[in-house]
1. Please list log₁₀ I(q)/I(0) at q = 0.21, 0.23, 0.31, 0.33 Å⁻¹ for the stretch 5-53, using the Debye equation with identical point scatterers on the alpha-carbon positions.
2. Report the paramagnetic label zone for Asp162: residues of the stretch 99-141 whose backbone N is under 13 Å from a point 7 Å from Cα along the Cα-to-Cβ axis.
3. Tell me, rounded to the nearest percent, the portion of alpha carbon pairs in the stretch 61-156 spaced more than 17 Å apart.
4. Going from most exposed to least, what order do Met30, Met198 have by accessible area with a 1.4 Å probe?
5. Hey, what's the Kirkwood Rh for the stretch 1-97 if you take every pair of different alpha carbons, in angstrom?
6. Skip the ligands, DNA and RNA, and give the accessible area per residue of the chain with a 1.4 Å probe, whole Å².
7. With only alpha-carbon atoms in the gyration tensor, what are the semi-axes of the equivalent ellipsoid for the chain, in Å, largest first?
8. Ignoring the sites themselves, what is the longest stretch of the chain with no trypsin sites (Lys or Arg not before Pro) in a DSSP loop and at most 13 other beta-carbon atoms within 10 Å?
Amino acid sequence: MLKIKSFDKCVFELGKLPGIGRKTALRLAMYIMKMNERDVKELADSIVDLKQNIKFCKECGGLSDGELCSICADSYRDKRVVCVVEEPKDIFIIESSGRYKGVYHVLGGKIAPLDGIGPDELNLQRLIDLACENKVDEVIIATNPDIEGETTATYVYKLLKDFDVKMTRIASGVPTGGLLEFSDDITILKAIENRREMY
Ligand SMILES: [Zn+2]
């Protein structure tokens, strides 16, 4: 292997990213080398800026550059409909369908005993508070349709079922075992529109 310090370092760093194997890291580093300097600087700056300035919304736990994300701060969004997702990235996926007008709640993961993640590791308190304070009419559970996602959905359902809250689950238009992130906009839209009441 060639020993070119700056090049090897860039390949090494790119290779730490998920889904980037060594071959892809090499290809990306070659591509970056051919980019003009201004674009490379924009890319590098945007990565640092992302890390330094993006926070988590204090309401929903989604990504934000202020205390509240643009969705929670939007007075046209229906605050009484809350869509529960595993991770902040799921919000982008559902938003891309362009039709959902409620707000979100990010759990910060899903119940996965094999990975040592139980209910205590998830952000569940806000959901209980919203239900207790009668601030929500419907909770749509949009965890992924895999085993851990279903376990988490059932857990959230049991947690809230005694409150006066309609509990719904996104339809399995999202392929069983598939992940939200691999679904196209229309599938996501149908999954939300065809949501069913739980149990
Ligand atoms: Zn928010």
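1. Calculated log10 I(q)/I(0) at the listed q: -0.80, -0.92, -1.13, -1.14.
2. It comes to 132, nothing else.
3. 50 percent
4. Met30, Met198
5. 16.5 Å
6. Per-residue accessible area for the chain comes out at 63 Å².
7. Semi-axes, largest first: 37, 19, 16 Å.
8. It runs 17-57.
The values are calculated or read from the model by the stated rules, or taken from the named source; none is laboratory data. All values derive from a computational prediction rather than experimental measurement. With ideal geometry, Cβ positions are generated from the backbone for all residues, glycine too; neighbour counts draw on all protein chains shown. Accessible surface areas use protein heavy atoms only, side chains included; no ligands, DNA or RNA. Shrake-Rupley method; radii C 1.70, N 1.55, O 1.52, S 1.80 Å.
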